[in-house]
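Reading through the structure tokens given below for one structure.
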Amino acid sequence: MKFLKYSFLLALVIVCFSLCGCQDKNLIQPNIERDNYNTGGNLTFVYDEISHVATFGGEGEVVQFYEEDIAKGWDEKGNRIGFQIAMPKGDIEYKTGSAYFEDKKLNLNDIVKLQEGQNMIAIFQPIIKKDKEKYTLKITWEDGKNEQIYHIVIASGTYFMEQTFDDSKLEK
């Protein structure tokens, strides 16, 4: 009888290791913060670290409009918000990772920057639309690690700046 118990436990342990693997695929999910440039303007920002929901804006607040800026990697104009995520600690090969903001794939190699003090951060400055208030960001920091999911919410009552028209550029 003892032999059967030990055999069963041994088989259970072997199955667990084969399904889960010996290597940890989980990384600590870091918090979102506003980017250093406050992209989007003077917006209220709240992050709930339990639900991983970042809320931007509030009643009467305005999301700024930005033109294309090739130097910043902005290939289209629109209303943007900015946030950053400190990379999880440890020896991470982020160049093998990826991120998706909604359906748009982002290369972590393009958005991960070295910050003062040798901290690595991923900076996001996506375009958001006034007719959509919830967005999803999915990140896999390194190939083979578990995906981390963040939710971005634009608070109700938040306004969106319209594109300004510069009449000085008109031909006379």
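At a glance:
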| item | result |
| --- | --- |
| Spacing of the two label points (7 Å from each Cα toward its C-beta) at VAL53 and LEU114, in nm | 3.9 nm |
| Area of THR39 that stays accessible when all protein chains are in place (1.4 Å probe, Å², to 10) | 10 Å² |
| Heavy atoms of SER156 accessible to a 1.4 Å probe, total area in Å² rounded to 10 | 90 Å² |
| Kirkwood Rh (inverse of mean 1/r, distinct Cα pairs), region 68-166, angstrom | 15.0 Å |
| Lysine-lysine proximity count for region 82-138, Cα under 25 Å, sequence distance 8 or more or distinct chains | 22 |
| With all protein chains modelled, accessible area of PHE160 [1.4 Å, Å²] | 30 Å² |
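The values are calculated or read from the model by the stated rules, or taken from the named source; none is laboratory data. The structure presented is a predicted model; accordingly, all values stated were derived computationally and were not measured. Using ideal geometry, Cβ is built from the backbone for each residue, glycine included, and neighbour counts are taken over all protein chains shown. The protein model used for the area step is the full one, side chains on, heavy atoms only, and it has no ligands, DNA or RNA in it. Shrake-Rupley method; radii C 1.70, N 1.55, O 1.52, S 1.80 Å.
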